[in-house]
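**Student:** Here it is, the structure, as structure tokens.
The values are calculated or read from the model by the stated rules, or taken from the named source; none is laboratory data. What you see is a predicted model; the values in this text were computed from it and never measured. A quick note on method: Cβ atoms are made from the backbone with ideal geometry, for glycine too, and the neighbour counts reach across all protein chains shown. Note: accessible area is taken over every heavy atom of the protein model, side chains too, but ligands, DNA and RNA are not part of it. Shrake-Rupley method; radii C 1.70, N 1.55, O 1.52, S 1.80 Å.
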Amino acid sequence: MAINFERLAGNTFVARGPTNIGLYICGREGVPGESVLAEGVPIEAQSGKAASQGHGGSRAFLIDSGGDADAGRRILRECERLGVRLAGIINTHSNADHCGGNAFLQARIGCAVCATEVEAAFLGYPLLETSFLAGGYPQKALKNKFLMAPVSRATHILKLPCALSLDAEGQIQMRTLAEGQVQVRALPEGVVSGEPAPRAEPESQSEPQSECRIVSLPGHYFGMVGVMTPDRVFFAADALAGKPILEKYHIFFFYDLAAELETLAMLETIEADWFVPSHAEPTQDIRPLVELNRAKIYEIAEVIEGLCAGGQDARESGGHSLEDIVAGVCAHYGVALDDNQHVLVGSTIRSYLSWLSDQGRLEYSFINGRMIFKVKL
């Protein structure tokens, strides 16, 4: 399956797929920020013209790299067609479907890799992800490309919030930003509950306009980030899932539910012309998808609370174990588990149980060697 970058706005492109991939073309080498591909002119014609004029030095940031070496190979082929060279990969996080092409691209063209410190650890030691999900040393069935990307090394550690740009030699420059400089406003009181937030005034035009700005998106994974290009396109990574995914699978992976709800509220305050979730179609209004994801989180929480409150087994044992709850949630939604789904769903349900316990909605005890959860009265 080919990877085709389509212009979304200005010099920002998206390759749609199971995991959307972004490309921001910064400018010709030695001319940072200069528009490379003119609006309204077919890419093929422009790239051929650039090649004939010797302008093969156009540099770009890649936002995530797909799921494997083949994705990296197809990305490189597409960049060659566009007449651009990759200066670096901005990894939103270290899940294998977002960084699987890193190793190929690093080995083939020596491009930089930018990631937060904790995600960089997972990039360098992919066994950490499967071990975390499995809760111990993972069985062989879990050592697959879906959960373990090839080893890659971060060359630039993102200090959030920050902005990335290229200098005249095409080298990556990182600038630390103050809060409020990433086109994200402070959360008004009560926003987490889903109340709409008023739009902010546009930011000052005195700031550099050729930077990709990076903001923290906690909740889905340890150090996930979102990326705002100068064209006001915001890549939202796995901060939320698309409607087809929620309708089919219901349970989207989350590590920290409290942080995820704060991130969803924050997404409603971001000033952007386009939003690109990794697993949903680009949209100019993120708020309906935010509300859909928020509602699904609350729905799953209610299902878990119902399981912990009812049933003959719960009354006799004083509650339900993790395995009971995982089985009950899967039965409720008709989810069939395989090796991968078992650890992903199981880890997510554990995160729900931690969140509900921290909120005081559930309590747990240890009975006959089992951790038992029940609704707190």
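**Student:** Can you tell me which residue among 245, 157, 214, 251 is under 28 Å from residue 281 (Cβ atoms) and either surrounded by fewer than 19 Cβ atoms within 10 Å (Cβ to Cβ) or at pLDDT below 95 (or both)?
**Tutor:** 245
**Student:** I would also like to ask the following. Pick out the one residue from 47, 35, 52, 58 that is open to solvent by 60 Å² or more (accessible area, probe 1.4 Å), modelled with pLDDT under 95, over 17 Å from residue 149 (Cβ atoms) and touching a strand residue (DSSP E or B) at 6+ places or on another chain (Cβ under 9 Å).
**Tutor:** 35
**Student:** Here's a follow-up. Tally up the residues in region 115-150 that are in contact with a helix residue (DSSP H, G or I) (Cβ under 6 Å, 6 or more places away or on another chain) and of a type in the set (S, T, N, Q), please.
**Tutor:** Going through region 115-150 one residue at a time, the tally reaches 1.
Here is a yes/no grid of residues against (1) among the aromatic types (Phe, Trp, Tyr); (2) open to solvent by less than 40 Å² (accessible area, probe 1.4 Å):
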position	(1), (2)
65	no, yes
74	no, no
86	no, yes
94	no, yes
104	yes, yes
108	no, no
123	no, yes
138	no, yes
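**Student:** What pairs come out if I take residues in region 353-377 that are within 15 Å of residue 297 (Cα to Cα) and pair them with residues that are not in a strand (DSSP E or B) whose C-beta lies under 6 Å away, six or more apart or interchain?
**Tutor:** Within 6 Å, the pairs are 355/257; 355/258.
**Student:** Here's something else I'd like to know. So residue 150 passes all but one of these: (1) modelled with pLDDT of 95 or more; (2) exposed (fewer than 15 other Cβ atoms within 10 Å of the Cβ); (3) of a type outside the set (A, V, I, L, M, F, W, C); (4) assigned to a loop (DSSP other than H, G, I, E, B). Which condition number does it fail?
**Tutor:** Among (1) modelled with pLDDT of 95 or more; (2) exposed (fewer than 15 other Cβ atoms within 10 Å of the Cβ); (3) of a type outside the set (A, V, I, L, M, F, W, C); (4) assigned to a loop (DSSP other than H, G, I, E, B), residue 150 violates only (2).
**Student:** Another one. Tell me yes or no: at least one residue of region 279-296 is at pLDDT 95 or above, of a type in the set (Asp, Glu) and more than 30 Å from residue 7 (Cβ to Cβ).
**Tutor:** No; the residues of region 279-296 include none that is at pLDDT 95 or above, of a type in the set (Asp, Glu) and more than 30 Å from residue 7 (Cβ to Cβ).
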